[in-house]
Amino acid sequence: MPLYEYRCEQCQKQFEATQSVHARVEDTECPFCHAQQATRLLSSFSSKVVGDHKPTFTEMKANAMNNERMQKFAKLPPLNAKRNVPPPNTTSASDPAGSGS
Ligand SMILES: [Zn+2]
């Protein structure tokens with residue numbers, strides 16, 4: 001059975017109660033003042049399960065591999081710096097007109 005956290009609106013105290021999923025908030029009695037004015041808080045446990053999607057091991061591994069790959073790419077020089085070929089208008093050696101017979 002899940003553990004719920006409540007706060008009593010009457011005495012403002014917080015308490016935990018293990019209840020069935022179908023238990024109603026109105027039926028929850030405060031152990032301190034026995035008022036039935038508790039509001040259910042989202043405990044860290046239930047908010048994690050009900051809330052966002054928990055990544056699986058495979059997803060985490062894929063993520064790690066992706067990050068690794070991205071870091072390797074980041075270390076590479078940019079594409080422009082890799083080319084040692086000067087701009088075409090300053091070279092005459094590779095000019096097809098000069099090398100043709
Ligand atoms: Zn109370």
* Order of exposure, largest accessible area first, which applies to THR58, THR28, THR18 with probe 1.4 Å -> THR58, THR18, THR28
* So how much accessible area does LEU76 have, in Å² to the nearest 10, using a 1.4 Å probe? -> 100 Å²
* Work through the residues other than ARG69 whose Cβ is under 15 Å from its Cβ and net out their charges, Lys, Arg +1 and Asp, Glu -1. => +2
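The values are calculated or read from the model by the stated rules, or taken from the named source; none is laboratory data. What you see is a predicted model, and the numbers here were worked out from it, not measured in a lab. Positions of Cβ are backbone-derived with ideal geometry, glycine not excepted, and every protein chain shown enters the neighbour counts. Side chains included, ligands, DNA and RNA excluded: accessible areas come from the protein's heavy atoms. Shrake-Rupley method; radii C 1.70, N 1.55, O 1.52, S 1.80 Å.
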